[in-house]
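Only one structure is covered here, and it is reproduced in the block below.
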Amino acid sequence: MDERLAALVRLLELERLEVNLFRGQSRDIGSPQVFGGQVLGQALKACYATVEPGRVAHSLHAYFLKRGDFNAPIVYFVDRSRDGQSFTSRRVTAIQHGEQIFHMATSFQVPQPGVEHQIAMPSVPEPETLPDSGLPASRRLNQLPEKMRQFYAQVHPFEFRMTDPIDPLQPRNAAPLQYIWIRAVDRLPDDDVLHHCLFAYVSDFHLLGTAVRPHALNFVSGKLMLASIDHAMWFHRPARVDEWLLYAMDSPSASGSRGFSRGSVFTRAGVLVGSTAQEGLLRLID
C-alpha cells in the first residue's frame, strides 16, 4: 500500500486501554489544530470496537468542543447507550489533557431491506479530465504563509479534483457550491469498517470552505478564522473510498459568524452513498 495511505490507516488503529477506553495518536497535517476528520474517524473506530459484528453505522452527529493538540494522544471513552434488536447507539467522548475536546453520538443498524429512492447525481466532468487540486504550483506555494504552505505541501493520502477551484491568493466571488472528486491514492483492504472510518475522515475536507466561496475572503490575510463546530453524517449505502466519489456540496446560509454547509456523496455510477452537514465558525478578524 502507498505509504501515505498506510500511515493514515495506522492512525485509525487505536490502543485499547480498557473495555470502553481507547487511545489514538495524532498527526499534524498543517492545520492549526488536530484535523477534525482524524477525530471523526478515530471516534467512529472506537465505537465500532464496542458494537456486535454485522451492525453498520448509518449516522453520526458530532461536536468539536476545543482545539485538539496534535502533539498529544487522544483518549476516547465509549458509552454503550443501547443495544437493541435492530439498532445500537453509542456515545463517545474524546479527551486531551484532562478535558473534553469532542463528543459524538453514533447509531448502528442490522442491514435490512426496504423501500429505496435517491436524488440524481449532478452532471460534472469526469475526474480524469480535471487536474489534481491538492498541490498548488511551487511559485504559488512559496507565496503562502508558513502554516498554510505546510498544509498545501502535505502529500495527502487522498486525491482531490475540483471542478471549479479558487486560488487562495486571489479569491473571487463564486456560488456557494462545490463539486469535488475524491479517491484514496491506493487500493485498500475489503474492510467495511475501515472504509466507513476513512469516509468520515475525508468528509471533513472542503465542506466548511463551501460557505466562504461567495465572499471572496482571503485566507492568506490572517483576517479570517475558520473552525468546525459540528459535523453530521449519514451512511446510506456501501461505498469504497479507494474508488472515485463525487462530493457535491452547497452552503444555504451564513450568519452570526457561522457558515452552514451540506454535502451529498455519490459513486461514479451515480449511487448516493452518504450525506453530510456541518456548521462552522466563520469569523472576520479586525
For the chain, calculated [θ]222 nm from helices alone, where every DSSP H run of n ≥ 4 adds -39500 (n - 2.57): -4500 deg cm²/dmol
FRET efficiency, R82 to S255 (Cβ-Cβ, R0 30 Å, nearest 0.05): 0.25
Along the charge dipole of the chain, which of S228, F35, S86 sits closest to the positive end, that is, farthest toward it, with unit charges on the beta carbon of Lys, Arg, Asp and Glu (+1, +1, -1, -1)? S228
Equivalent-ellipsoid semi-axes (√(5λ), Cα gyration tensor) for the chain, whole Å, largest first? 29, 23, 19
P(r) for segment 1-90, please, calculated from all Cα pair distances in 5 Å bins and given in %. 3, 12, 23, 23, 20, 12, 6, 2, 0
Could you give the size of the charge dipole of the chain about its Cα centre, using +1 on the Cβ of each K and R and -1 on the Cβ of each D and E, expressed in debye and rounded to the nearest 20? 580 debye
The long-range amide H neighbours of F160, using H built 1.01 Å from N in the peptide plane and a cut-off of under 5 Å, are S133, G134
Over the chain, what is the mean sequence separation of C-alpha contacts under 8 Å (at least six apart), divided by residue count, expressed as relative contact order in percent? 18 percent
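Starting with the highest mean, order 64-70, 250-256, 37-43 by the number of other Cβ atoms within 10 Å, averaged over the residues of each peptide.
Final packing ranking: 37-43, 64-70, 250-256.
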Under the 0.36 nm per residue contour assumption, what length would be gained going from the current alpha-carbon distance of L169 and I285 to full extension? 40.0 nm
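Bear in mind that the values in this text are calculations on the coordinates, not laboratory data. Remember, it's a predicted structure, so these values are computed and weren't measured experimentally. Cβ coordinates were reconstructed from backbone atoms using ideal geometry, including for glycine residues, and neighbour counts include every protein chain displayed.
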